[in-house]
Amino acid sequence: MGLEKVPEDIERKGEQKAKEEITKRMIDMGLEISLIARVTGFSPDLIEQMCKNLTHYRNGHANLK
């Protein structure tokens, strides 16, 4: 029974990762947080945190963006 759940967990993690990547692209496009939240289902707080993380990361790596 435990092995049956493994593919579902892998699929769910893959979907989550894809949604995070789409969210990052939407942030890069300058879309409003409220719109990104409606499209992705992520909370505005989570999206704001992702914005901060992306900004912090990119500030340390001048060749990005």
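The values are calculated or read from the model by the stated rules, or taken from the named source; none is laboratory data. Quick caveat: nothing in here was measured; it's all calculated off a predicted structure. Positions of Cβ are backbone-derived with ideal geometry, glycine not excepted, and every protein chain shown enters the neighbour counts. Heads up: the accessible areas ignore ligands, DNA and RNA and are worked out on the full protein's heavy atoms, side chains in. Shrake-Rupley method; radii C 1.70, N 1.55, O 1.52, S 1.80 Å.
Summary table
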{"quantity": "Local electrostatic count at Leu46 - Lys and Arg +1, Asp and Glu -1, tallied over other residues with Cβ under 14 Å", "calculated": "+1"}
{"quantity": "Percent accessible area from carbon and sulfur atoms, the chain, protein chains only, probe 1.4 Å", "calculated": "56 percent"}
{"quantity": "Cα-based convex hull, the chain, per residue volume (Å³, whole number)", "calculated": "108 Å³"}
{"quantity": "Cα-based Lys pair tally, the chain, threshold under 16 Å, eight or more apart or on separate chains", "calculated": "4"}
